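The values are calculated or read from the model by the stated rules, or taken from the named source; none is laboratory data. All figures in this text were calculated on a predicted structure; none of them were measured in a lab. Cβ sites come from the backbone with ideal geometry, for glycine too, and all protein chains shown count toward neighbours.
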Amino acid sequence: MAQHVVTEVPRRAYPIISADSHFTEPADLWVTRLDRRFRDRAPHVEHRETTDVFVCDNTEMFPIGMIHGVRYKGGDVKLDGRYADVPASGWDPEARIADMRIDGIDAEVLYPTIAMRFFAIEDVAFANACIAAYNDWAAEFCRSHPERFKGIGMVSLDDVDTAITEMQRCRELGLVGVMIAVFPDGTEPYHADKYLPFWAAASELRMPISLHTASERRVRGGQSPTDRFLHYTLVQRTFIGMIYQGVFDKLPDLQVVSVENDAGWAANIIERMDYVDVKARFRNLHQDHLNREAPSHYWRRNIYYTFMRDSAAIACRHLIGLDRIMWSSDFPHGDSTWPDSGQVIDDQMVGVPELEQRAILHDNAARMYGFE
């Protein structure tokens with residue numbers, strides 16, 4: 001990793017938690033850990049003439065240069081690269097803590113990087129084997145410093161029963177939540193009845209479910225700039241559907257998390273949905289709205305959000321729900337605030353009372369994920 005001039009980061013009176021950071025999985029993770037039935041197909045690194053490439057059947061994986069993109073600042077991201085040049089802080093806990101100290105971050109909620117593409121694997125059994133190997137490794141990493149690291153597992157909803165079993169196993173491993181594909185492209189939406197057993201199990205196990213950007217069920221190439229920019233609307237469609245179809249009425253304790261989709265947009269949707277809900281009831285157009293409460297009730301009881309730089313979310317924090325917003329650094333991806341997180345936080349928190357800052361920077365994530 002490029003050297004930075006390190007100055008003493010001013011310490012707050014409480015630990016700063018990044019509610020969305022990432023592993024960079026070691027190159028041999030699946031070569032050494034994958035179920036032996038699939039070992040000959042294990043995701044692996046291939047060394048080519050100008051770059052290394054992560055290969056996984058016919059699934060499009062992230063370019064090597066992107067997986068630890070925090071190395072590149074100012075928009076000069078190099079897509080090619082060698083895995084040997086990727087900094088160890090992606091997979092080594094001690095190296096990770098050293099980079100966290102540079103940034104003034106005390107603890108992290110950790111998501112995958114390479115493994116996020118596994119939702120796009122068409123062979124369900126193979127995908128589940130790859131996911132299980134990742135979950136095992138992620139849990140081991142977090143057990144090295146449980147006061148600093150809380151891991152998010154993965155489950156594929158292509159087979160709901162298997163997803164429930166793997167989610168139970170994730171909890172037993174010590175992982176504190178699971179992520180699903182942000183959008184179930186090509187199959188039924190997440191508010192469909194077939195998924196209710198999964199949502200019920202998540203509620204019973206008290207495992208929050210994350211929907212992270214760039215984790216679609218199908219990766220589509222050739223997208224326009226508009227399509228790429230509007231990726232964050234996928235999570236909006238899911239949550240709106242779950243509210244209108246009464247999923248949160250059936251399961252009031254279920255918690256879902258919008259991850260790396262920002263949060264400022266939620267203020268407008270919350271206000272707008274309440275208005276439309278009242279208008280629909282008044283005009284007798286409410287046949288397909290199964291929610292018993294105003295939509296804002298569910299947005300503020302069942303939904304969390306992470307953000308990095310979102311002054312709109314800060315300005316609208318009370319409309320969104322102060323106890324629902326969690327700051328993140330996104331380390332080590334290219335959008336990360338590292339190594340300037342302290343300055344980014346200070347710039348966004350101007351005028352925000354100290355107790356409210358603490359909620360966003362520590363308390364909400366600590367409560368959700370069990371940091372002590």
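Determine whether the stretch 99-108 contains at least one residue that is within 17 Å of the chain's Cα centre (by Cα), surrounded by 21 or more Cβ atoms within 10 Å (Cβ to Cβ) and of a type in the set (Val, Ile, Thr).
In the first step, residues of the stretch 99-108 are kept if they are within 17 Å of the chain's Cα centre (by Cα); the result is 107-108.
Keeping just the survivors that are surrounded by 21 or more Cβ atoms within 10 Å (Cβ to Cβ) gives 107-108.
Keeping just the survivors that are of a type in the set (Val, Ile, Thr) gives none.
No, because not a single residue in the stretch 99-108 is within 17 Å of the chain's Cα centre (by Cα), surrounded by 21 or more Cβ atoms within 10 Å (Cβ to Cβ) and of a type in the set (Val, Ile, Thr).
Counting only residues that are among the aliphatic types (A, V, I, L, M), at pLDDT 95 or above and within 22 Å of residue 213 (Cβ to Cβ), how many does the stretch 17-63 have?
Qualifying residue count, the stretch 17-63: 2.
Only one of these is closer than 20 Å to residue 177 by Cβ and not small (Gly, Ala, Ser): 111, 72, 83. Name it. Break it down into steps so the answer makes sense when it comes.
Numbers: 72 fails: closer than 20 Å to residue 177 by Cβ; 83 fails: closer than 20 Å to residue 177 by Cβ.
Criteria check complete, one pass: 111.
Among the residues of the stretch 111-122, write down those that are touching a His at 6+ places or on another chain (Cβ under 9 Å) and in a helix (DSSP H, G or I). Let's see the steps before the verdict.
Of the residues in the stretch 111-122, the ones touching a His at 6+ places or on another chain (Cβ under 9 Å) are 111-113, 116.
Selection gives 116 alone.
Going through the stretch 335-365 one residue at a time, which ones are touching an Asp or Glu at 6+ places or on another chain (Cβ under 8 Å), under 30 Å from residue 254 (Cα atoms) and hydrophobic (A, V, I, L, M, F, W, C)?
Passing the criteria: only 359.
Output yes when any residue across the stretch 346-360 is surrounded by 23 or more Cβ atoms within 10 Å (Cβ to Cβ), at pLDDT 95 or above and either assigned to a loop (DSSP other than H, G, I, E, B) or not hydroxyl-bearing (Ser, Thr, Tyr) (or both), and no when none is. Full working, then the answer.
Taking the stretch 346-360 first, the residues surrounded by 23 or more Cβ atoms within 10 Å (Cβ to Cβ) are 360.
Next, only the ones that are at pLDDT 95 or above stay: 360.
If we keep only those that are either assigned to a loop (DSSP other than H, G, I, E, B) or not hydroxyl-bearing (Ser, Thr, Tyr) (or both) as well, we get 360.
Yes, that holds for at least one residue.
Table: residues versus (1) charged (D, E, K, R); (2) without any contact (Cβ under 8 Å) to a residue 60 or more places away in the chain; (3) touching a strand residue (DSSP E or B) at 6+ places or on another chain (Cβ under 8 Å); (4) part of a loop (DSSP other than H, G, I, E, B).
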{"position": "18", "(1), (2), (3), (4)": "no, no, yes, no"}
{"position": "24", "(1), (2), (3), (4)": "no, no, no, yes"}
{"position": "39", "(1), (2), (3), (4)": "yes, yes, no, no"}
{"position": "62", "(1), (2), (3), (4)": "no, yes, yes, yes"}
{"position": "65", "(1), (2), (3), (4)": "no, yes, no, no"}
{"position": "78", "(1), (2), (3), (4)": "yes, yes, no, yes"}
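Working only within the stretch 198-222, note down all residues that are within 17 Å of residue 161 (Cα to Cα) and in contact with an Asp or Glu (Cβ under 8 Å, 6 or more places away or on another chain). Can you show your working first?
Here is the first cut: in the stretch 198-222, the ones within 17 Å of residue 161 (Cα to Cα) are 198-205, 207, 209.
Matches in the stretch 198-222: 203 only.
May I ask you to say which residue of 160, 219, 178 is in contact (Cβ under 8 Å) with a residue 24 or more places away in the chain, of a type in the set (Val, Ile, Thr) and surrounded by 20 or more Cβ atoms within 10 Å (Cβ to Cβ)?
On the way: 160 fails: surrounded by 20 or more Cβ atoms within 10 Å (Cβ to Cβ); 219 fails: surrounded by 20 or more Cβ atoms within 10 Å (Cβ to Cβ).
Unique residue meeting the criteria: 178.
Listed residues 267, 313, 280; which is in a helix (DSSP H, G or I), free of Cβ contacts under 8 Å to residues at least 60 places away in the same chain, surrounded by fewer than 17 Cβ atoms within 10 Å (Cβ to Cβ) and aliphatic (A, V, I, L, M)? Even if it seems obvious, please write down each step before you answer.
Values: 267 fails: surrounded by fewer than 17 Cβ atoms within 10 Å (Cβ to Cβ); 313 fails: surrounded by fewer than 17 Cβ atoms within 10 Å (Cβ to Cβ).
On inspection, the qualifying residue turns out to be 280.
Name the pairs: first residue in the stretch 84-109 and closer than 18 Å to residue 66 by Cα and modelled with pLDDT of 95 or more, second residue acidic (Asp, Glu) and part of a loop (DSSP other than H, G, I, E, B), Cβ to Cβ under 7 Å, at least 6 apart or on different chains?
Note: pairs meeting the criteria are 91/25.
Scan the stretch 301-310 and give yes if some residue there is in contact (Cβ under 8 Å) with a residue 12 or more places away in the chain, outside any strand (DSSP E or B) and among the hydroxyl-bearing types (Ser, Thr, Tyr), otherwise no. Show your work before the answer.
Restricting attention to the stretch 301-310, the residues satisfying the condition of being in contact (Cβ under 8 Å) with a residue 12 or more places away in the chain are 301-310.
When the remaining residues are screened for being outside any strand (DSSP E or B), the result is 301-302, 308-310.
Of the ones still in play, those that are also among the hydroxyl-bearing types (Ser, Thr, Tyr) are none.
No, the conditions are met nowhere in the stretch 301-310.
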